Amino acid sequence: MPWYDGITSKRRILTVFQGKSVTSSPIWSNVVPKAVKDFTDLFNNLKLNVGLALAKPTEQPEAGSFQFGGADIWVEALEQFTFPIAGRNVNLDFATEPFAQGITEKQVWDFGIKDQVKIQVRKAVILMRPNPQSDDFPRRVGNGVLGCWTVHEFIHAVGLTAHTHGAGDLYEANPALRSGKRDDPETDKLEVRGGDKVPPIKTLTGDTIKRIQTLWPKP
Ligand SMILES: [Zn+2]
């Protein structure tokens, strides 16, 4: 699903608003800004025509149906949250997504003139789990893996919906969590289908890249 024309053809930067549950969390207030940078560095390296930037704390996306102001993407880190955005109350809840590490929902709008129908994305909301725990030890998951999960959700937010199958990348459906050392969460990794371990995030596979290029064509 493409974003609206002004963004895909001119701005090509989506802004990310960090909600209260992110800015007040000692974990997520570090992970989200780093994921914004990692996403943008990765996409620059791959010469993809979209990047991310942090929005100002005053740029919460507007709630009204005909209001387009504020940031493009809104992130919170809670078990459940209702986002008042783009004329809707969007309720995201991990109770209905027990296997997900993040949930992204894109808010679409008909930008068509007169009889023309042109459904495009105008905003996106992302919910991350507040405090993900290791499968192997009674401790939390490291920030590096949390960042990879966040970059995965950002790929949904820039327009992709279906996951990448086969020899995938961190955008495959459920990258396997491989816990590292008991006393060092930062040694945790995600194993993607090709056997690659992230972090660090080195690249994306051809199918993911191709679909991003379709949504964000060369200017
Ligand atoms: Zn996903």
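The values are calculated or read from the model by the stated rules, or taken from the named source; none is laboratory data. Please read all numbers here as calculations on a predicted model, not as lab measurements. In this analysis, Cβ positions are derived from the backbone assuming ideal geometry, glycine residues included, and neighbour counts consider all displayed protein chains.
Side notes on the structure shown:
- Check on Arg182, surrounded by fewer than 19 Cβ atoms within 10 Å (Cβ to Cβ) and either among the basic types (Lys, Arg) or touching a residue at least 40 places away in the same chain (Cβ under 8 Å) (or both): yes
- Answer residue from the stretch 176-213, given it is under 27 Å from Arg140 (Cβ atoms) and of a type in the set (Val, Ile, Thr) and is farthest from the chain's Cα centre (by Cα) among those: Thr187
- With respect to the stated conditions, Gly147 is outside any strand (DSSP E or B), small (Gly, Ala, Ser) and either surrounded by 13 or more Cβ atoms within 10 Å (Cβ to Cβ) or within 15 Å of the ligand (Cβ to nearest atom) (or both).
- The stretch 150-182, residues that are farther than 26 Å from Asn30 by Cβ and more than 10 Å from the ligand (Cβ to nearest atom): Gly159, His165, Gly166, Ala167, Gly168
- Across the stretch 71-124, the qualifying residues are those that are of a type in the set (Asp, Glu) and under 18 Å from Ile7 (Cβ atoms), and the one among them that is farthest from the ligand (Cβ to nearest atom) is Asp110.
- When the stretch 84-102 is filtered for residues that are more than 20 Å from Gly70 (Cβ to Cβ) and either touching a residue at least 24 places away in the same chain (Cβ under 8 Å) or assigned to a strand (DSSP E or B) (or both), the ones remaining, listed by number, are Asp93, Phe94, Phe99, Gln101, Gly102.
- Going through (1) free of Cβ contacts under 8 Å to residues at least 24 places away in the same chain; (2) away from the ligand (no atom under 13 Å from the Cβ) one by one, Thr203 falls short only on (1).
- All positions within the stretch 173-212 that are more than 19 Å from His156 (Cβ to Cβ) and among the β-branched types (Val, Ile, Thr): Thr187
- Criterion (modelled with pLDDT under 95 and among the polar types (S, T, N, Q)) met by exactly one of Ser9, Ser25: Ser9
- Selection within the stretch 168-179: residues that are in contact (Cβ under 8 Å) with a residue 12 or more places away in the chain and assigned to a loop (DSSP other than H, G, I, E, B). The member of this set that is farthest from Arg211 (Cα to Cα) is Ser179.
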